[in-house]
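Each reported figure results from applying straightforward, stated rules to the coordinates on display, with no laboratory input. The model shown is predicted, which means the values in this text are computed figures rather than measured ones. Every residue, glycine as well, gets a Cβ built from its backbone with ideal geometry; the counts of neighbours run over all protein chains shown.
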Amino acid sequence: LTLTPAADGSSVGYMLNVSAITNLTVARLHEGQAGATGATLLTIYAGPTKRGLFSGTLTQGSFTAAKLEGSLKGKTIADFVALVKAGSVYLNVGTTSHLQGEIRGQLK
């Protein structure tokens with residue numbers, strides 16, 4: 001996952017590439033330190049299910065603060081960036097076999 005905050009702080013661009021994941025269903029950013037689970041902050045991919053083995057760019061785009069959920073609802077992009085820099089955001093990718101998360105990666 002590559003995140004690129006806009007220079008003016010109004011949005012964050014993202015691109016999520018995955019490799020060799022089967023029946024991918026969802027990708028979300030969650031609040032939480034390494035080893036901890038937390039609430040969803042943003043869904044960056046909500047389907048449709050990628051049937052079979054998939055590798056490549058799953059999703060790309062940008063989001064504004066209005067799309068943030070959980071503890072960041074009503075907050076700013078600067079608040080999101082600060083949470084990422086604090087090591088308190090992770091990416092969770094779900095599949096039909098593991099709806100709550102097939103893979104997880106802590107953001108830096």
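Just add up the charged neighbours of Thr96: K/R +1, D/E -1, any other residue whose Cβ is under 13 Å from the Cβ of Thr96.
+1
Counting each DSSP H run of 4 or more residues in the chain as -39500 (n - 2.57), what helix-only mean residue ellipticity at 222 nm follows after dividing by all residues, to the nearest 500 deg cm²/dmol?
Per the formula, -2500 deg cm²/dmol.
Fully extended, how many nm does the chain gain between Thr59 and Thr76 (0.36 nm per residue separation, minus their Cα-Cα distance)?
Result: 3.9 nm gained on full extension.
Can you give the relative contact order of the chain as a percent, counting alpha carbon pairs under 8 Å and 6+ residues apart?
30
Here are several values of percent of Cα pairs over 24 Å apart: (1) 35; (2) 12; (3) 20. Which one was derived from the coordinates shown?
(3)
Say the cut-off is 24 Å between C-alpha atoms; which of Lys67/Lys108; Lys75/Lys108; Lys50/Lys108 go over it?
Pairs exceeding 24 Å: Lys50/Lys108.
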